[in-house]
Amino acid sequence: MSPIDLRPDQVLEELSGFGRKLSHGMQNLMTVGDIPTGVTPKEIIHQEDKMVLYRFQPPASKVQNPVPVLIVYALVNRPYMTDLQENRSTVRGLLDAGLDVYLIDWGYPDRADRYLTLDDYINGYLDRAVDVIRKRHRLQAINVLGICQGGTFSLCYAAMHPDKVANLVTMVTPVDFHTPDNLLSKWVRHIDADLVVDTLGNVPGEMLNWTFLTLKPWRLMGQKYLDMVEMLDDPKQIDNFLRMEKWIFDSPDQAGEAYRQFIKDFYQQNRLIEGGLKIGEREVDLRNVSMPVLNIYATEDHLVPPAASRALKGRLGTQDYTEQAFKGGHIGIYVSGRAQKEVPPAIGRWIDERTYPID
């Protein structure tokens, strides 16, 4: 191996250039104002405890599809990732595709929520939100779009309440929690969930966030901040970077009992596909998912590997099952330029093809 040719004058020039960029960029950083959380106008339709149900304002053109879609996001992050900025918004893409879009915001649990269970979230808050939408639109069933952990919740909900779900879309959703390439699962399987919850009560969001970051420590905690220096002379790029940073570190605490069950039943015992999963008094059997299902996964997802999502195939009670691969990662599927062109339009077309005239 030949030695690296680094001249002292070259090193000094690169360091000097780095310093100039950093100094100039700090001036731009000083001018950054508040970073918005979500950009598409919306109204509150329903509130219950910390949970808020929003409806997004449709574009000037009339909504084409008469059956609304409810976005169910994960508990562990904030749902404004789906509406991050004007040109990177899954919500806006769905609206442009002619869908009437609702979204559940789970809020920030506090000590009063320590004993909330998965039954409270899925058969409680989620079910009542679905009923509010059904009543508003005078429908028997609505469309549900579940994302990540919210997709897992949506699968459970659809299995327990199939009569209320017209079509189900899952995005980057874990189904098989024991695939060999799932690093997060391998770590979580060794957690003493009882000790964590009995000691802490609610599980701090910061603790979970650092777990996710350490899956790719150099990329997520080092390299991106060095790369940031290259964009500091562009205020627009700075806004984009900080908007993403705000979302990454905006991590709600987790209600203790819900966390306990999710870790033990899903990550450790893999009951969603192995069987024996109960949410409250109801048994969850994926064979009861009888409505059409569109399952979208990301080919480069390090949090939910493709195999963990594709395990859904062949386990449902419906024959109308579609898989769609997105060439990108867990976050890119919401915010990349390719995602904006591919994912929301595909969801809109798929739902339109399965929406029948309403009398």
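Entry for the range 42-353 at q = 0.06, 0.07, 0.08, 0.16 Å⁻¹: log10 I(q)/I(0) = -0.19, -0.25, -0.34, -1.51, Debye formula applied to identical alpha-carbon scatterers, no solvent contribution. Subtracting the Cα-Cα distance of E245 and D198 from their residue separation scaled by 0.36 nm leaves 13.8 nm. Spin-label pair Q324-S61: with each label point 7 Å from Cα along the Cα-Cβ axis, the two points sit 1.7 nm from one another.
Among the listed pairs K50/K278; K278/K327; K246/K278, which have their C-alpha atoms separated by more than 29 angstrom in this model?
Values: K50/K278 24 Å; K278/K327 34 Å; K246/K278 35 Å.
Pairs exceeding 29 Å: K278/K327; K246/K278.
Distance from the Cα centroid of the range 155-197 to that of the range 241-291 is 5 Å (rounded to whole angstrom). Relative to the current alpha-carbon distance between Q269 and D131, full extension at 0.36 nm per residue lengthens the span by 46.5 nm.
With r defined as the distance between the Cβ atoms of Y356 and N209 and R0 fixed at 41 Å, what FRET efficiency is calculated, to the nearest 0.05?
Plugging the Cβ-Cβ distance into 1/(1 + (r/R0)^6) gives 0.45.
Take the Cα radius of gyration of the range 74-119 and divide it by 2.2 N^0.38 Å, with N its residue count; two decimals is plenty.
Values: Rg = 14.1 Å, N = 46, 2.2 N^0.38 = 9.4 Å.
Cα-based Rg divided by the globular estimate yields 1.50.
With neighbour counts taken as other beta-carbon atoms within 10 Å, the residues H137, H302 rank, fewest first, as H137, H302.
Packing order of peptides 256-265, 43-52, highest average first: 256-265, 43-52 (average count of other Cβ atoms within 10 Å over each peptide's residues).
Taking θ as phi - 60° and the Karplus parameters 6.51, -1.76 and 1.60, the scalar couplings of the range 76-91 work out to 7, 9, 8, x, 5, 4, 6, 9, 5, 7, 3, 9, 9, 9, 4, 4 Hz in sequence order, x denoting glycine and proline. For L277, nonlocal amide neighbours, meaning residues 5 or more places apart or on other chains whose placed amide H falls under 5 Å from its own, are V284.
3J(HN,Hα) along the range 162-178: x, 6, 9, 10, 7, 9, 10, 10, 10, 10, 6, 9, x, 10, 9, 8, 10 Hz, from the Karplus curve 6.51 cos²θ - 1.76 cosθ + 1.60 with θ = phi - 60°, whole Hz, x for Gly and Pro.
For the pair Y115 and R287, the difference between a 0.36 nm per residue extended length and the Cα-Cα distance amounts to 58.9 nm. With each label modelled as a point 7 angstrom along the Cα→C-beta vector, the Q47-R310 pair spans 4.5 nm.
The dipole here belongs to the range 116-160: it is taken about the Cα centre, uses +1 on the Cβ of Lys and Arg and -1 on the Cβ of Asp and Glu, and is about 320 debye.
Bear in mind that the values in this text are calculations on the coordinates, not laboratory data. Bear in mind the structure is a predicted one, so any value in this text is a computation, not a measurement. Note that each Cβ is placed from the backbone with ideal geometry, even for glycine, and that neighbours are counted across all protein chains shown.
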